[in-house]
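Notes follow once the structure below has been shown.
The values are calculated or read from the model by the stated rules, or taken from the named source; none is laboratory data. If you're wondering where the values come from, they're calculated on a predicted model, not measured in any experiment. Because the Cβ atoms are built from the backbone with ideal geometry, glycine has one as well, and the counts that use them run over all protein chains shown. Calculation scope for accessible area: heavy atoms of the full protein, side chains included, ligands and nucleic acids excluded. Shrake-Rupley method; radii C 1.70, N 1.55, O 1.52, S 1.80 Å.
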Amino acid sequence: MHTLAGAFALDAVNDVERAEFARHLEQCESCAQEVAELRATAARLGAAMAEEPPPEFKDRVLAAMHATRQLPPRTRPGAHERSRRSARAP
C-alpha cells in the first residue's frame, strides 16, 4: 500500500486504488504526511513552470489559423475513385 503514495498524490490511480489508499491514509500517518508533501511539491513545480504567454500570442495564433489552409480528410487509396463511380451510377 505504501508504494502508492506518489501515484495517489498525483491522482494517477484508478478508482479502486484511490478508495483503498484513502482508507489506508486514515490509519497511516506516515503515508498521509508523504502525500501532503508530494502534493505540495507538485504544486510548487507546476507554479514554477507556469508562464504567462506574451500579450500578442493570441493574435499570432488567430492570424496563423486564418492563414493556414485546411487539408482535406484522409481517405483510403482508391476511395475517391469508387465514390465518383457510385455517384455516376443510375
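What the table shows:
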read-out: Residues (loosely packed, with under 14 Cβ neighbours inside 10 Å, in a helix (DSSP H, G or I) and of a type in the set (A, V, I, L, M, F, W, C)) located in region 1-53; value: Val16, Ala19, Ala22, Ala36, Ala40, Ala43, Leu45, Ala47, Ala48, Met49
read-out: Answer from Ala32, Ala63 - the residue that is aliphatic (A, V, I, L, M), modelled with pLDDT of 90 or more and within 19 Å of Gly6 (Cβ to Cβ); value: Ala32
read-out: Subset of region 54-74 [outside any helix (DSSP H, G or I) and open to solvent by 100 Å² or more (accessible area, probe 1.4 Å)]; value: Pro55, Arg69, Gln70, Leu71, Pro73, Arg74
